[in-house]
């Protein structure tokens, strides 16, 4: 059985908090080893995602909204939402629509895929 949407929002929030705090270990703990990100800049692996934090925080603040959850099966769920955020060192607000695939593992739920689409 798939947990309620609040469970996945909390998991996704942990990833965003790692980006705000610059905590690569916390970020990596939420991602599968074969994580794939599809971003406007191209493809990213787990090491790319955690590596962006080598210089510290990459986000100042964020807000997640318009959340939707699709059960893909008993062990997979797709969380889709809008993220409004400001990158570290910037005062320019940005927005993305994000689809984030979560997989149930023996250690808990991990993010295996994320696709970010700029909001226009």
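Read-outs throughout are calculated quantities, based only on the coordinates presented, and are distinct from any laboratory measurement. For clarity, every value in this text was computed on a predicted model and none was experimentally measured. We place every Cβ from the backbone using ideal geometry, glycine too, and count neighbours over all the protein chains shown.
Computed over region 5-118, relative contact order equals 25 percent, with contacts defined as Cα pairs under 8 Å that lie 6+ residues apart.
With Cα atoms defining each centre, region 79-120 and region 14-72 are spaced 7 Å apart in the structure. For the chain, the longest principal axis of the Cα atoms and the long axis of helix 5-21 meet at an angle of about 30 degrees. Each residue of region 5-118 gets 96 Å³ once the volume of the Cα convex hull is shared out per residue. Which FRET efficiency, nearest 0.05, do residue 95 and residue 47 yield, Cβ-Cβ r, R0 25 Å? Efficiency, from the Cβ-Cβ distance: 0.40. Using 0.36 nm per residue and subtracting the Cα-Cα separation, the extra length available between residue 60 and residue 84 on full extension is 7.5 nm.
Length gained on full extension, residue 39 to residue 75: 10.5 nm, using 0.36 nm per residue less the C-alpha separation.
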